[in-house]
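Only one structure is covered here, and it is reproduced in the block below.
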Amino acid sequence: MEKLTSRKNEYIRALRRLSAEAQFRAERGEYICDGIKTLNEALAFGADVTSVLWKERAQPVPGLSCAVQYAAGEELFDYASPMKNSPGPVFTLAMPEGHNVEMRRAVLLENVQDPGNVGTVIRTAAALGFDSVILCGACADV
């Protein structure tokens, strides 16, 4: 595992762009997530974890053997993370190519620009058993 030390490192710069630029996420076909619970859930659901940045040192996580892993000191980790005061890790996932879901119950959001509101609707829809949440117009980027 490589220990990163510079803000100019390509991986650190890519993480910052992934968290800030929707077009960069689309070009790379990746998105960024944060937290050990989210990482374990992603692995449990078969997501393609492409890289992991650990704060200080890695933790053992079953099923993570194929991802590229890095470690960074606290200051550099906090610079790279999209979250304030994150315990980590920060990791990237490959965007799914698409999925075939039979939609019997869906929520359609149009021009909902607040990311917190989009997240709340997505979580509520999941809790109520909806099949999909569809974003159109100028919605916040998922």
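The values are calculated or read from the model by the stated rules, or taken from the named source; none is laboratory data. It should be emphasised that the depicted structure is a prediction, and the values quoted were computed from it without experimental measurement. Cβ: placed from backbone, ideal geometry, glycine included. Neighbour counts: every protein chain shown. These area figures cover heavy atoms from the full protein model, side chains too; ligands, DNA and RNA do not enter into them. Shrake-Rupley method; radii C 1.70, N 1.55, O 1.52, S 1.80 Å.
Set against the labelled values (i) 15.2, 45; (ii) 22.9, 76; (iii) 16.2, 49, Rg and Dmax of the Cα atoms in Å computed from this structure falls on (iii).
How high is the relative contact order of the chain? Use alpha-carbon pairs under 8 Å, at least six apart in sequence, and give a whole percent.
Working: 211 pairs, mean separation 35.1, N = 142.
It rounds to 25 percent for the chain.
When DSSP beta bridges are limited to those with both residues in region 21-142, what percentage is antiparallel, rounded to the nearest 5? Don't skip to the end; give the middle numbers.
On the way: 9 of 19 bridges.
Of the beta bridges lying entirely in region 21-142, close to 45 percent run antiparallel.
Relative to its residue count, region 1-44 spans a Cα convex hull of 106 Å³ per residue. In the chain, helical runs assigned H by DSSP with n ≥ 4 each contribute -39500 (n - 2.57); averaged across all residues and rounded to the nearest 500, the mean residue ellipticity at 222 nm is -9500 deg cm²/dmol. Gaussian network model of the chain, Cα springs within a sub-10 Å range: biggest mean-square fluctuation belongs to which of Asp78, Asp114, Asp48? Among Asp78, Asp114, Asp48, the largest GNM mean-square fluctuation belongs to Asp114. Relative to the longest principal Cα axis of the chain, at what angle does helix 10-20 sit, 0 to 90 degrees, rounded to 10? Helix 10-20 sits roughly 30 degrees off the main axis of the chain. For the chain, the share of accessible area belonging to carbon and sulfur comes to 50 percent (1.4 Å probe, ligands and nucleic acids excluded).
Taking all protein chains as shown and a probe of 1.4 angstrom, Lys37 keeps an accessible surface of around 140 Å².
Suppose every K and R has +1 on its Cβ and every D and E has -1 on its Cβ; what is the size of the dipole of region 4-103 about the Cα centre, in Debye to the nearest 20? Working shown, then result.
Details: 11 positive and 13 negative charges, 75 e Å.
Its charge dipole is roughly 360 debye.
In terms of accessible area, using a 1.4 Å probe and ignoring ligands and nucleic acids, Thr5, Thr50 rank largest first as Thr5, Thr50.
For Glu75, the accessible surface of its heavy atoms amounts to roughly 140 Å² (probe 1.4 Å, protein chains only, rounded to the nearest 10).
For the chain, what is the accessible area per residue in Å², given a 1.4 Å probe and the full set of protein chains? It would help to have the intermediate numbers written out before the result.
Details: 9140 Å² over 142 residues.
Each residue of the chain exposes 64 Å² on average to a 1.4 Å probe.
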